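Since every read-out is calculated from the coordinates, none of them should be taken as a lab result. Bear in mind that the values here come from a model prediction, so they are computed numbers and not experimental data. Note: ideal-geometry Cβ built from the backbone for every residue, glycine included; neighbour counts use all protein chains shown.
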């Protein structure tokens, strides 16, 4: 939820360890990591048993990127 912001925008970093593989940006709280992007980044689609580390930032017109939240998705 935006805090005193005109809109809610975010950036999501797709991580491979400490390396950022891809940055997804959106003017909403939803981003899509497409099948073609997954294949380009990992050589195949993510599948059951795979994990994906993400760093999520809310964007602010006043201060830019906020403090990140890091999560791991399990498929």
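Taking region 13-51 on its own, how many of its residues are part of a loop (DSSP other than H, G, I, E, B), out of contact with any strand residue (DSSP E or B) (no Cβ under 9 Å at 6 or more places or on another chain) and either without any contact (Cβ under 8 Å) to a residue 12 or more places away in the chain or within 15 Å of residue 71 (Cα to Cα) (or both)?
5
If we scan region 54-68, do we find a residue that is in contact with a strand residue (DSSP E or B) (Cβ under 9 Å, 6 or more places away or on another chain), part of a loop (DSSP other than H, G, I, E, B), free of Cβ contacts under 8 Å to residues at least 12 places away in the same chain and surrounded by fewer than 10 Cβ atoms within 10 Å (Cβ to Cβ)?
Within region 54-68, one or more residues are in contact with a strand residue (DSSP E or B) (Cβ under 9 Å, 6 or more places away or on another chain), part of a loop (DSSP other than H, G, I, E, B), free of Cβ contacts under 8 Å to residues at least 12 places away in the same chain and surrounded by fewer than 10 Cβ atoms within 10 Å (Cβ to Cβ).
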